[in-house]
Structures are given as C-alpha cells and as structure tokens.
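Below you'll find the structure, written out as structure tokens, and then a few comments.
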Amino acid sequence: MLSTMLRYLTTHWEYVGQLTAEHIRIVFLANGLAVVLGLALGIFISKRGREGLAELVLYVAGILLTVPSLALYGILMAILKALGLMSIGIVPVVVALTLYGLLPILRNTTTAVRGIDPAMIEAGRGMGMSETQILWRVRIPLAVPAIMAGLRQAIVMNVGIAAIGAYIGAGGLGQLIFRGIANTRADLVLVGALCVSLLAIGLDVALGVVERLSTPRGLRKGVRG
C-alpha cells in the first residue's frame, strides 16, 4: 500500500499540488472572512454593558459549530439557490467554513479583550489616549496571543472540513478521497487523507511562528509554537 501511495504521488505530483493549492485558497479565504467578522464582533460585544449580548452571540456561534458539515452545506445550498446565487462549488463551502471558524476567533477575542488588566487601560487614558487609540495600541496588541490561538484552531479544523466540500464541487484535496471511495482505491483515500493531515500540521506550525512574531515582546515567554 505504501509503495502504491508513493507511486501515485511521484507520477501525479502536479495534480496533487494543484489540489493542495485549491485547498489552501478555500481555507484562507474562509478564515480571512472569519477573522474580520470575529474581530469586529468580538470587540463590539466585549464592551461593558453587553454581557447578555455576548452570551447570546457566543451561544449561537456554538450551535453553528455543532451542525454537521454536510448538513450545513445542504442548508446553505438551499439558501443560496433561493437567493439566486451559486448553490454548488466554492461559495457554500467558503460560507460554511467562515461560520465554523467564527466561534474560536470570536470567543478568544472576546475573552482576551475583557481580560486585559484595567490598570493598563487606565494608564493609557492617563497618557491622553482616546478610546480608539487604546483599542489599537493596548487592547488588540495584548489580545494577539489569544486571537492567534483561536485562528490556529479555526484553520486546523477547517482544513479537515474543507475536504468534505469536494463532495459539492468545491475542489481541493477532498477530491482524492471521494475519487478513492467511488473507485474503491484505498491508495487515493490515503494520499488525500495524508495530504490533508500534513497541510493542517504545516499551517499550524507556520501560524505558531507568526503568533510569536506578532506578540508583544513582554508576552512572548508565554507563547508556545
């Protein structure tokens, strides 16, 4: 079996590379949207007096995470079709992955922003900073480790879920897995699964490096790759 896998990889490396690039594009597009939405919403609900709204938003995001991926793809396909939009292919998969990636980023952003030492906020105000300056110069830099941890979790999770998106024509490494299942070829299934696993590990390691570099120096001791 191992020799069959290696033979396929050596003879079809260009095709596997193309599928890997498609997979990365899908995951990065979805998680890019999740970061924008998660940061904006997390900062908004983390302000004082919005505790009830924060619990509601996190609860809804948590429910979305429990919906099986195929079921969510089906729901989104029906919604997109009703709206006259593309109901198969990359669009429903990107929307689904954005929703899946939203919870860890949103939760970590909210927790990190809320957990900042009030003395540091007061120090910023004492230096004459506006609330906007405190947000960008104090709150967000101090929340970077937690936000990056949420992003890493979202990306690793979505690398696996994106493979199922090949079932509705989104492309990516899932095509190898589904082709292998359809043609009873265990080598294709294993090649696809191996590539997905290696991609998830590689992206996690790379994001660990980015996390360390983007974390303020005083906080780097607590950041692990």
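Averaging the inverse of every distinct alpha carbon separation and then flipping it gives the Kirkwood radius. What is it for region 127-221, in angstrom units?
On the way: mean 1/r = 0.0634 Å⁻¹.
Value: 15.8 Å, from the Cα pair sum.
Over region 12-89, what number does the Rg to Rh ratio reach, with both radii from the alpha-carbon atoms and Rh per Kirkwood?
Values: Rg = 17.0 Å, Rh = 15.4 Å.
Here the Rg-to-Rh quotient is 1.10.
For region 49-127 and region 28-42, what is the centre-to-centre distance using only Cα atoms, to the nearest Å?
Going from one Cα centre to the other spans 8 Å.
In debye, nearest 20, what is the charge dipole magnitude of the chain about its Cα centre with +1 on Lys and Arg Cβ and -1 on Asp and Glu Cβ, if you could check?
Values: 19 positive and 10 negative charges, 88 e Å.
The dipole of the chain has a size of about 420 debye.
Could you calculate, for region 67-113, the ratio of the Cα radius of gyration to the Kirkwood radius, expressed as Rg to Rh?
Computed over Cα atoms, the ratio is 1.12.
Would you mind computing the Rg to Rh ratio of region 75-161 from its alpha-carbon coordinates, Kirkwood style for Rh?
On the way: Rg = 18.4 Å, Rh = 15.2 Å.
Result: Rg/Rh = 1.20.
Viscosity 0.890 mPa s, temperature 25 °C: what is the translational diffusion coefficient of region 2-222 from Stokes-Einstein with a Kirkwood Rh over Cα pairs, rounded to a whole number of µm²/s? Show your work: numbers first, answer last.
Working: Rh = 19.2 Å.
Rounded to a whole number, D works out at 128 µm²/s.
Read-outs throughout are calculated quantities, based only on the coordinates presented, and are distinct from any laboratory measurement. Source: prediction; values computed, not measured. So basically every Cβ, Gly included, is an ideal-geometry build from the backbone, and we count neighbours across all protein chains shown.
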